[in-house]
There are 2 protein chains.
Amino acid sequence: MKELIAKYREKGFKLTPQRLAILKFLNGNTSHPTAEDIYSNIKKIYPTVSFATVYNTLQTLKDKNEILEITIDPQKKHYDPNIKPHHHIICIECNTIGDIFEDYSEALRLPDYIAMEFKPVGSHVDFYGLCIKCQKKERRKRQ
Amino acid sequence: MKELIAKYREKGFKLTPQRLAILKFLNGNTSHPTAEDIYSNIKKIYPTVSFATVYNTLQTLKDKNEILEITIDPQKKHYDPNIKPHHHIICIECNTIGDIFEDYSEALRLPDYIAMEFKPVGSHVDFYGLCIKCQKKERRKRQ
DNA sequence: TATTAAATTAGAATTATTCTAATTTAGATA
DNA sequence: TATCTAAATTAGAATAATTCTAATTTAATA
């Protein structure tokens with residue numbers, strides 16, 4: 001956490017307690033929280049925190065390339081503090097998101113006809129499926 | 001268009017003029033319209049059409065597997081009448097979406113550790129990049 | 001310690017989407 | 001062809017996610 005603080009101060013971040021709480025919450029978090037998730041967690045410690053602060057901080061972190069915004073859930077955005085390029089799988093039942101650390105970039109070549117229209121800068125694979133919990137629920141239902 | 005009508009009537013669709021206009025608009029459309037795009041287009045012909053009708057029809061079409069909902073633009077959903085599985089590339093400047101007809105499924109194997117947590121049912125690749133128009137704009141800016 | 005640019009806040013505004021409940025209508029049936 | 005009814009349409013309200021506003025506070029520097 002010490003390094004975290006040093007790191008953000010270095011980047012010109014003004015380190016407020018709210019912001020620090022958000023950073024702490026995100027640090028190493030693999031649950032892909034939404035803004036709402038972050039807000040309600042921080043609110044426990046700083047009951048006056050506002051959504052604006054959460055969104056502002058997320059925006060700043062995005063701008064500084066410290067978090068990824070994940071567009072895989074049709075309902076809302078999720079955030080991921082792991083900025084190493086990776087992919088995701090979302091459960092079509094409960095929307096749980098899992099991380100996939102696998103480099104598919106070699107295989108993901110664009111066909112020529114589209115390379116003429118777009119210059120790619122990156123790619124991301126959305127897998128969708130059923131998480132283990134929802135698989136079990138499905139099985140129970142079917143019996 | 002004749003077949004289109006027959007096809008939907010077969011499926012138990014009640015064919016109202018508004019709905020028909022939506023079907024017509026979507027048929028063969030590769031622009032990945034949003035609900036708003038569809039609404040404003042239909043409104044030209046049926047000025048009293050409501051968003052509810054557009055969303056209802058989209059929902060029905062989704063249920064009947066006649067269109068795909070695309071979650072690639074963080075701002076809103078896009079719709080695609082091409083239900084053949086394919087992938088997309090979105091311009092990070094103007095949000096234009098292009099289709100990529102390429103089967104990557106062989107390459108997109110899930111690593112074991114995640115296959116234990118999720119049973120995959122599908123996948124979709126989001127490419128992001130710059131469309132040709134925005135590439136040109138960028139070049140102009142840089143000069 | 002004073003200064004100030006940046007951050008926080010409550011709450012309003014905006015945008016996308018969904019819901020409601022009254023009305024209309026397509027298509028089946030008599 | 002007229003009647004019936006379940007399904008579709010509508011205006012507008014409601015909801016949910018996100019962004020904006022403008023007044024206030026504060027972290028970090030000088």
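The values are calculated or read from the model by the stated rules, or taken from the named source; none is laboratory data. If you're wondering where the values come from, they're calculated on a predicted model, not measured in any experiment. As a convention, Cβ positions derive from the backbone with ideal geometry for all residues, glycine included, and neighbour counts pool all protein chains shown. With ligands, DNA and RNA removed, areas are computed over all heavy atoms of the protein, side chains included. Shrake-Rupley method; radii C 1.70, N 1.55, O 1.52, S 1.80 Å.
Looking across segment B:67-91, the residues that are touching a residue at least 40 places away in the same chain (Cβ under 8 Å) and either facing chain A (nearest Cβ under 7 Å) or of a type outside the set (A, V, I, L, M) (or both) come down to B:I72, B:K76, B:K77, B:H78, B:Y79, B:D80, B:P81, B:N82, B:H87, B:H88, B:I89, B:C91. Residues in segment B:14-36 include none that are hydroxyl-bearing (S, T, Y), in the same structural domain as B:D126 (by TED's automatic domain parsing) and open to solvent by less than 70 Å² (accessible area, probe 1.4 Å).
When A:L4 is tested against (1) modelled with pLDDT of 95 or more; (2) more than 9 Å from DNA strand D (Cβ to nearest atom), just one condition goes unmet, and that condition is (1). Counting only strands (runs of 3 or more DSSP E) that fall entirely inside segment B:61-143 and contain at least 2 residues that are under 12 Å from the mean Cα position of the chain (by Cα), the qualifying elements are B:68-70, B:78-80, B:87-91, B:97-100. Looking only at segment B:93-112, residues that are at the interface with chain A (Cβ under 7 Å from one of its Cβ atoms) and not small (G, A, S) come to 6 in all. Every test in (1) buried (at least 20 other Cβ atoms within 10 Å of the Cβ); (2) within 18 Å of B:P74 (Cα to Cα) is passed by A:E69 save one, and that test is (1).
Per-residue answers, yes or no, for (1) of a type in the set (G, A, S); (2) open to solvent by 50 Å² or more (accessible area, probe 1.4 Å); (3) at pLDDT 95 or above; (4) away from DNA strand C (no atom under 12 Å from the Cβ):
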| position | (1), (2), (3), (4) |
| --- | --- |
| A:S40 | yes, yes, yes, yes |
| A:K43 | no, yes, yes, no |
| A:S50 | yes, no, yes, no |
| A:N56 | no, yes, yes, no |
| A:D63 | no, yes, no, no |
| A:N95 | no, yes, no, yes |
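Checking each residue in segment B:22-50 for being within 16 Å of B:I67 (Cβ to Cβ) and within 9 Å of DNA strand D (Cβ to nearest atom) picks out B:I22, B:I42. Open to solvent by 10 Å² or more (accessible area, probe 1.4 Å) and either of a type in the set (F, W, Y) or within 20 Å of A:L108 (Cβ to Cβ) (or both): does that describe B:I100? When the stated conditions are applied, B:I100 does not pass them.
Reported count of residues in segment B:13-38, each being at pLDDT below 95 and touching a Lys or Arg at 6+ places or on another chain (Cβ under 9 Å), is 2.
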